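Inspection log for the structure reproduced underneath, given as structure tokens.
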């Protein structure tokens with residue numbers, strides 16, 4: 001799993017930060033890439049990475065503000081010309097389907113792949129083969145949603161030494177034992193998987209909390225996350241301003257990470273009032289509360305092990 005930040009600014013693009021877009025690369029897990037938000041010029045940002053648009057098969061939109069959706073029509077259209085034939089599903093608030101379809105219709109854009117929409121609601125759970133995605137309402141003035149991506153637990157490692165003690169040598173039988181509840185081996189008997197496989201490996205958790213005021217209710221999204229991605233539009237001295245505009249501060253993002261027992265915090269969605277040279281101050285503010293914090297810049301990459 002790898003997270004690539006394609007845009008880390010708030011509201012409007014700046015020379016240093018484009019508007020919101022995050023790519024979650026799941027190439028090893030399921031040979032796909034998921035996008036979270038798709039602000040203006042996201043497709044241009046992708047050109048600066050090794051992400052292949054045809055690999056993007058799910059797009060999760062937090063809310064309908066322009067800096068989070070203006071890149072969608074262009075990306076969806078260009079994907080047709082870049083070898084994208086497999087289906088794409090777009091998840092997001094009410095109105096998103098109408099917005100995209102209107103753009104595509106009026107521009108007479110014809111996609112080369114099936115496009116479907118899922119209107120998300122508070123407390124919704126999206127099921128896939130390898131993941132569960134939990135949806136929760138945020139506090140942003142208009143309908144806005146956070147996403148908690150939970151990888152399903154993986155089977156434990158095969159205890160090879162036990163199998164060898166039983167007289168079972170390495171070969172195709174090992175795969176058969178790991179994939180079935182029990183297997184009967186000639187001259188040895190029935191081998192139960194639970195007896196020769198270690199404890200399941202806990203799936204990783206990534207929480208994406210977009211534009212929102214701080215709320216302790218968001219712990220449900222963030223609890224024990226391996227990685228919490230949280231907006232931090234303003235520095236700690238702008239708490240009143242953040243509240244007025246339905247945003248969070250560096251301090252508040254770090255507070256949620258601490259209270260939710262997260263392993264790692266990445267702050268993003270930085271106001272254009274902060275230049276690159278001021279980013280270190282924002283980062284240090286968060287680290288005072290939650291030391292394992294990083295501040296995302298455009299094209300920052302982070303691996304979740």
Practice problem: Please tell me if residue 35 is at pLDDT 95 or above and under 24 Å from residue 152 (Cα atoms). | Solution: yes
Quiz item: Which is surrounded by 13 or more Cβ atoms within 10 Å (Cβ to Cβ) and at pLDDT 95 or above, of 106, 76?
Solution: 76
Quiz item: Among (1) touching a strand residue (DSSP E or B) at 6+ places or on another chain (Cβ under 6 Å); (2) closer than 19 Å to residue 223 by Cα; (3) without any contact (Cβ under 8 Å) to a residue 60 or more places away in the chain, which single condition is residue 123 missing?
Solution: (1)
Quiz item: Can you tell which of 100, 69 is free of Cβ contacts under 8 Å to residues at least 40 places away in the same chain and within 19 Å of the chain's Cα centre (by Cα)?
Solution: 69
Quiz item: How many residues does the range 55-70 hold that are touching a strand residue (DSSP E or B) at 6+ places or on another chain (Cβ under 9 Å) and either assigned to a helix (DSSP H, G or I) or modelled with pLDDT under 95 (or both)?
Solution: 4
Quiz item: Which one is surrounded by the most Cβ atoms within 10 Å (Cβ to Cβ) among residues in the range 32-49 that are in contact with a strand residue (DSSP E or B) (Cβ under 9 Å, 6 or more places away or on another chain) and part of a loop (DSSP other than H, G, I, E, B)?
Solution: 39
Exercise. Any chance you could count how many residues in the range 282-304 are without any contact (Cβ under 8 Å) to a residue 40 or more places away in the chain and out of contact with any strand residue (DSSP E or B) (no Cβ under 6 Å at 6 or more places or on another chain)?
Key: 5
Practice problem: Could you tell me whether any residue of the range 270-290 is part of a loop (DSSP other than H, G, I, E, B), within 22 Å of the chain's Cα centre (by Cα) and farther than 24 Å from residue 123 by Cα? | Solution: yes
Practice problem: Consider residue 257 carefully, then state whether it is part of a loop (DSSP other than H, G, I, E, B), in the same structural domain as residue 147 (by TED's automatic domain parsing) and crowded, with 24+ Cβ neighbours inside 10 Å. | Solution: no
Quiz item: Are any residues in the range 249-269 under 21 Å from residue 7 (Cβ atoms) and either within 18 Å of the chain's Cα centre (by Cα) or at pLDDT below 95 (or both), and if so, which ones?
Solution: 253, 264, 265, 266, 267, 268, 269
Quiz item: Between residues in the range 261-281 that are within 19 Å of residue 21 (Cα to Cα) and residues that are in a helix (DSSP H, G or I) and modelled with pLDDT under 90, which pairs lie under 9 Å by C-beta distance while being six or more apart or on different chains?
Solution: 270/279
Quiz prompt | Matching residues, the range 14-31, being within 29 Å of residue 273 (Cα to Cα) and either surrounded by 24 or more Cβ atoms within 10 Å (Cβ to Cβ) or modelled with pLDDT of 95 or more (or both) | solution = 17, 18, 19, 20, 21, 22, 23, 24
Exercise. Considering each of 149, 196, 185 in turn, give the residue that is surrounded by 12 or more Cβ atoms within 10 Å (Cβ to Cβ), touching a strand residue (DSSP E or B) at 6+ places or on another chain (Cβ under 8 Å) and touching a residue at least 60 places away in the same chain (Cβ under 8 Å).
Key: 149
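The values are calculated or read from the model by the stated rules, or taken from the named source; none is laboratory data. Quantities reported herein were computed from a predicted structural model and do not represent experimental measurements. Positions of Cβ are backbone-derived with ideal geometry, glycine not excepted, and every protein chain shown enters the neighbour counts.
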